[in-house]
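Student: Quick one: this structure, given as structure tokens, is what I'll be asking you about.
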Amino acid sequence: MRVSRRLARFAAAVGVLVAAAGGLAQAAAPITLTVDATEAPKRIFHVTEAIPAAPGALTLLYPKWIPGEHSPSGPITDLVGLKLSKNGRPVAWRRVPTEVWSFTCDVPDGPGALDVAFDYVTPLHAATTASAQIAIVNWWSVLLYPEGPDDNATVFAPTLRLPAGWKYGTALPVAREAGDAITFQPTSLVMLIDSPVLAGAHMKTVDLTPGEKPGHWLHLAGEGAAAVEIAPEDVAHYKRLVAEAQALFGARHYENYHFLLALTDHIPSNGLEHHEASDNRAAERSFTNESAKEVLGTLLSHEYVHSWNGKYRRPEGLVSGVSRDYQAPVDSRLLWVYEGLTEYYGDVLGARSGLRTPELYRENLALYAAGMDNQAGRAWRSVEDTAVSAQLLYDARGEWADWRRGVDFYPESELVWLEADTIIRQKSGGKKSLDDFVKAFHGAPGGGPAVKTYRFEDVVAGLNAVAPYDWDGFFQARIRDVAPRAPLGGIEGGGWKLVYTDVMPELTRAGEEESKLDDFWYSLGIMVQGDEGSNAAEDGVVRDVVPGLPAAAAGIAPGMRLVAVDGRRYSERVLRDALRAARGSKEPIELLVENVEMFKTVKVDYHGGERYPHLERDAAKTDWVSAIGKPLVPVSSKP
Ligand SMILES: [Zn+2]
């Protein structure tokens, strides 16, 4: 009821597609779905469904284009053991040869539902969703749904069984719990897919807004009990994040919000946005080790911003699962707004809420600016082309990534949005800012989950309403055109300069410690597998090079292994010593490298020493960068 009222109101008022994100169709009989995750530590989930289906031809779909992943990443290879039956009699199925996420069958005559059974198996490493102590249930991986009805009209009655003693967190409303089984209230396919469950043996839930409506919870699942011990000052930052987001947007588009955070070194770090939740995974020691905490950084604030920018306001090309099913390809060319503006405000809110100090906020900008400015691939492809290609680039290899370009619509768009913000602040003498744009674009009226789509022209119109400017030309030059240099106008117009010194930034140090990659990116132009790794054969392997910088110019390529530096066995320390020594010398640095099974000596004529990006204050200009990171909510009023 509430959803259909909203739909009618928006459709009439602004003339754009507004699709309900939730809501139940009145007459649809629900599909009974039971997911048995009691063997999640073995990385296998057992699924049964009872699908009310009329006799005759039926197509069953496994979700293919996963919202937020912007790619056909539905793990169809890991759907195994599929069996269909009706009233105990087997029903034959065939996969659609031209669409392997789809299955056809012929439902026999007679009363009763079509019974579906299969297992979902998840990898030991890589994109796994389970460890011995933690499981993340993403419903798209554990259901088949019938082709045909609108996805808001397909209703599921889900039940989840967990290993004995495990706890869970989710935005899904619970109908009842009995033993190890949780039965959720019937929900639309769209909201089910949008509502993951985080479960584990060691869980802690923190109420971030006690007694308030909507409620906000931080659910932590750890590999051990120590991992979920979060300090009061860290909790305070997440409480401030909620308050700062409300101050920024002025309205919320959820009933309640659940931050799900798996603290584990056995499930890859990642984050995925939803209307009423985010599915975050980070290092086990994210709250007990400073480097890990710095790497966790603004992950949760990024995913939280998505509730407004990405889930509520969404490019019309990215509305899979709302206006159509999950099988149709998406048009992701506006990811520089969907992800780029989220990256910008994820970091801004991170600074405003204290998740990052002002110094680390600037350090991150420096690293983004230097990374993009040295990005060799920007000579041939635009930011928009990286957005259009997102469905492939998320999984692109690390080798030659700098020449290929990766998902640069995150960091480079942050620089572009920073520039837009500083332009508005400059033009208005500080009276207006990009905050005014997002408050109008992403804010009121608020309420439960809804989707309001937009096009590029809507973004330009929204910005012009705040500050008239050639925004079309602004984005043309920075996003659509191939641009040989990174957009540094926001940093420079914001009162700072990008400089290089021999001081390693704190975020680089923390990143090295967590990733085990050694950073020689702005000096020699190489990223090297650390020598403290567990696999000695990988020590010193060059993961990527910056084409044109000294190492690549001397003949080093991704995949080669550094064996010796100036005649001494390679280690990170030996190479850093050699960089320092070469500053006062005319002799090249001599590297012995292994290329598969061949060895060669490479002479790198480099004398610049260690080199890292930083922002340096330009006292001649107003410091808008610092102004942007200042809290909107007085810190003392929100302990
Ligand atoms: Zn994102």
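Student: How much accessible area per residue does the range 75-175 have, counting only protein heavy atoms and a probe of 1.4 Å, in square angstrom? Mind dumping the intermediate values first?
Tutor: Values: 4480 Å² over 101 residues.
Solvent-accessible surface per residue comes out at 44 Å².
Student: Another question, then. Set the Förster radius R0 to 45 Å, insert the Cβ-Cβ distance between D180 and T98 as r into 1/(1 + (r/R0)^6), and round the FRET efficiency to 0.05.
Tutor: Values: r = 41 Å, r/R0 = 0.91.
Result of the calculation: an efficiency of 0.65.
Student: Here's something else I'd like to know. Pulled fully out, how much extra length does the chain show between D207 and V499, if you take 0.36 nm times their separation in residues and subtract their Cα-Cα distance? Mind showing how you got there, number by number?
Tutor: Working: separation 292, 0.36 × 292 = 105.12 nm, distance 4.22 nm.
Taking 0.36 nm per residue and subtracting the Cα distance, the gain is 100.9 nm.
Student: Can you work out the FRET efficiency for the pair R381 and N270, with r the C-beta to C-beta distance and R0 = 22 Å, to the nearest 0.05? Walk me through the numbers on the way to the answer.
Tutor: Numbers: r = 25 Å, r/R0 = 1.13.
Efficiency at R0 = 22 Å is approximately 0.30.
Student: Turning to a different aspect of this structure: Would you mind calculating the relative contact order of the chain from Cα pairs under 8 angstrom and at least 6 residues apart, reporting the percent as a whole number?
Tutor: Details: 1431 pairs, mean separation 77.4, N = 639.
The value is 12 percent.
Student: Specify which residue in the list L58, H614, G179 is farthest towards the positive end of the charge dipole of the chain, using unit charges on the beta carbon of Lys, Arg (+1) and Asp, Glu (-1), about the Cα centre.
Tutor: So the residue we want is L58.
Student: Counting only heavy atoms of the protein chains, get the accessible area per residue of the range 241-292 (1.4 Å probe) and round it to a whole Å² value.
Tutor: Here the residues of the range 241-292 average 26 Å² of exposed surface.
Student: Would you calculate, for the chain, the mean residue ellipticity at 222 nm contributed by helices, counting each DSSP H stretch of 4 or more residues as -39,500 (n - 2.57) and dividing by all residues, to the nearest 500? Could you put the intermediate results ahead of the total?
Tutor: On the way: 20 runs with 176 residues, N = 639.
Calculated mean residue ellipticity at 222 nm is -7500 deg cm²/dmol.
Student: If eta is 1.306 mPa s and T is 10 °C, what Stokes-Einstein diffusion coefficient results for the range 217-375, Kirkwood Rh from Cα pairs, in µm²/s?
Tutor: Numbers: Rh = 16.6 Å.
In µm²/s, the coefficient rounds to 96.
Student: Place the peptides 580-591, 543-554 in order of packing, highest mean first, counting for every residue the other Cβ atoms within 10 Å and averaging per peptide. Write out the running numbers ahead of the final one.
Tutor: Details: 580-591: 14.3, 543-554: 20.4.
Order by mean packing, descending: 543-554, 580-591.
Student: Continuing with the same structure: Largest first and in whole Å, give the semi-axes of the range 488-594's equivalent ellipsoid, each being the square root of 5 times a Cα gyration tensor eigenvalue. Can you show the working numbers first?
Tutor: Values: eigenvalues 129, 61, 37 Å².
Gyration-tensor ellipsoid for the range 488-594: 25, 17, 14 Å.
Student: Sticking with this structure for a sec: Highest first, please rank the peptides 414-422, 197-205, 385-393 by the mean number of other Cβ atoms sitting within 10 Å of their residues.
Tutor: Values: 414-422: 25.4, 197-205: 22.3, 385-393: 19.6.
Most protected by this proxy first, the peptides run 414-422, 197-205, 385-393.
Student: Computed from the mean reciprocal separation of all distinct C-alpha pairs, what Kirkwood hydrodynamic radius does the range 426-494 have, in Å? Don't skip to the end; give the middle numbers.
Tutor: Working: mean 1/r = 0.0709 Å⁻¹.
It works out to 14.1 Å.
Student: Kindly provide the Kirkwood hydrodynamic radius of the range 79-144 in Å, to one decimal, from all pairs of distinct alpha carbon atoms. Don't skip to the end; give the middle numbers.
Tutor: On the way: mean 1/r = 0.0711 Å⁻¹.
The answer is 14.1 Å.
Student: Still on this model: Taking the highest mean first, how do the peptides 112-121, 295-304, 616-625 order by number of other beta carbon atoms within 10 angstrom per residue?
Tutor: Numbers: 112-121: 19.0, 295-304: 24.3, 616-625: 14.6.
Those peptides, ordered most packed to least, come out 295-304, 112-121, 616-625.
Student: How big is the equivalent ellipsoid of the range 406-456 along its three axes, where each semi-axis is √(5λ) from the Cα gyration tensor, reported in whole Å from largest to smallest?
Tutor: Working: eigenvalues 105, 75, 12 Å².
Each semi-axis is √(5λ); the values are 23, 19, 8 Å.
Student: First compute the accessible area of the chain with a 1.4 Å probe, then give the percent of it belonging to carbon and sulfur atoms.
Tutor: Numbers: 13430 of 25080 Å².
Result for the chain: 54 percent of the exposed heavy-atom area is carbon or sulfur.
Student: With N set to the residue count of the chain, report its C-alpha Rg divided by 2.2 N^0.38 Å to two decimal places. List each step's numbers first, then the result.
Tutor: Values: Rg = 25.8 Å, N = 639, 2.2 N^0.38 = 25.6 Å.
Scaled against compact globular proteins, the figure is 1.01.
Student: Between Y469 and W400, what is the label-point separation in nm under the 7 Å Cα-to-beta-carbon projection?
Tutor: According to this spin-label approximation, the distance is 3.8 nm.
Student: Further question: Using a 1.4 angstrom probe, figure out how much accessible area the range 394-473 has per residue, in square angstrom, rounded to the nearest whole. Write down the numbers at each step before the final one.
Tutor: Values: 3170 Å² over 80 residues.
Per-residue value: 40 Å².
Student: So if the hydrodynamic radius of the range 131-258 is defined as the Kirkwood radius over C-alpha pairs, what does Stokes-Einstein give as its diffusion coefficient at 20 °C and 1.002 mPa s, in µm² per second?
Tutor: 131 µm²/s
Student: Something else now. Placing +1 on the Cβ of each Lys and Arg and -1 on the Cβ of each Asp and Glu in the chain, which of G222, S332, S131 has its Cα farthest towards the positive end of the resulting dipole?
Tutor: S332
Student: With every protein chain present, what accessible area does L365 have (1.4 Å probe, heavy atoms only), rounded to the nearest 10 Å²?
Tutor: 0 Å²
Student: Would you work out the charge dipole size for the chain about its Cα centre, treating the Cβ of every Lys and Arg as +1 and the Cβ of every Asp and Glu as -1, and quote it to the nearest 20 debye? Write out the running numbers ahead of the final one.
Tutor: Details: 65 positive and 83 negative charges, 268 e Å.
Its charge dipole is roughly 1280 debye.
Student: Another question about this same structure. Aspartates and glutamates near K432 by alpha-carbon distance under 16 Å, same-chain residues fewer than 8 away left out - which ones?
Tutor: Counting by Cα, and skipping residues close in sequence, K432 has these aspartates and glutamates nearby: E419, D421, D623.
Student: For labels at E597 and A113 in the simple 7 Å Cα→Cβ model, what's the distance in nm?
Tutor: That separation, rounded to one decimal, is 5.9 nm.
The values are calculated or read from the model by the stated rules, or taken from the named source; none is laboratory data. Because the structure is predicted, anything quoted here is derived from the model rather than measured. Note: ideal-geometry Cβ built from the backbone for every residue, glycine included; neighbour counts use all protein chains shown. To get the accessible areas, we keep the full protein, side chains included, count just its heavy atoms, and leave off ligands, DNA and RNA. Shrake-Rupley method; radii C 1.70, N 1.55, O 1.52, S 1.80 Å.
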